[in-house]
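Readers should treat all values here as calculations from the given coordinates under stated rules, not as data from a laboratory. What you see is a predicted model, and the numbers here were worked out from it, not measured in a lab. Counting neighbours? That spans all protein chains shown, and the Cβs are built from the backbone with ideal geometry, glycine included.
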Amino acid sequence: MRVAVVDPSGFTLPYDHLLCDALGRGGDDVRLYRRPSRQPEEERSGAYAPRPLFYQRAEAIRRRGPRWAVYRAAKAIEHPFDLRAFSREALAWGPMSFTSSGSSCRGSTGSS
């Protein structure tokens, strides 16, 4: 089964990593859609594929210094474009339904 775990802002990354790894070890094809990793966050990708698709430009602004108003504005502007990119990738990947942040979206691969 194909599983997309979507957590754009990475609010629940420790949980996401454990969930994705467990699903992947169970035989599912798992992708974690999120923002790019920050220091000192550990970049992990056990039995799943990390996809840092969200907030790439906003995270670049955040790395340059504490300009929180600019960072938050960039996230707000970037979010609909990133959702569109996610939708395109998920549709190309296969049958998928989209739910809110931190939830898993399951789609059938066509085989049991």
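For segment 68-80, putting each phi into the Karplus relation 6.51 cos²θ - 1.76 cosθ + 1.60 with θ = phi - 60° gives couplings of 5, 5, 5, 4, 5, 5, 4, 4, 4, 6, 6, 3, x Hz, in residue order, rounded to whole numbers and with x for Gly and Pro. Phi angles across segment 81-95 convert, under the Karplus curve 6.51 cos²θ - 1.76 cosθ + 1.60 with θ = phi - 60°, into 3J(HN,Hα) values of 5, 5, 4, 5, 5, 4, 4, 4, 5, 5, 5, 5, 6, x, x Hz, Gly and Pro given as x. Close amide H pairs (under 5 Å, H built 1.01 Å from N) link Phe54 with Arg34, Arg35, residues at least 5 positions away or on another chain.
For a footprinting-style exposure proxy, rank Leu23, Leu18 by other Cβ within 10 Å, fewest first.
Neighbour counts put them in this order, fewest first: Leu18, Leu23.
Peptides 79-85, 51-57, 32-38, 64-70 ranked from most to least packed give 32-38, 51-57, 79-85, 64-70, packing being the mean of other C-beta atoms within 10 angstrom over each peptide's residues.
When Asp16, Asp28 are arranged by Cβ crowding within 10 Å, least crowded first, meaning fewest neighbours, the order is Asp28, Asp16. Summarising the amide proton neighbourhood of Val30: residues at separation of 5 or more, or on other chains, whose placed amide H is nearer than 5 Å comprise Val3, Ala49. Of the GluC sites (Glu not before Pro) in segment 39-91, the ones in a loop by DSSP (not H, G, I, E or B) with at most 16 other beta carbons within 10 Å are Glu41, Glu42, Glu43.
Across segment 2-106, the mean sequence separation of Cα contacts (distance under 8 Å, 6 or more residues apart), normalised by length, yields a relative contact order of 32 percent. Charging the Cβ of each Asp and Glu at -1 and of each Lys and Arg at +1, and nothing else, the dipole of segment 23-99 about its Cα centre rounds to 420 debye.
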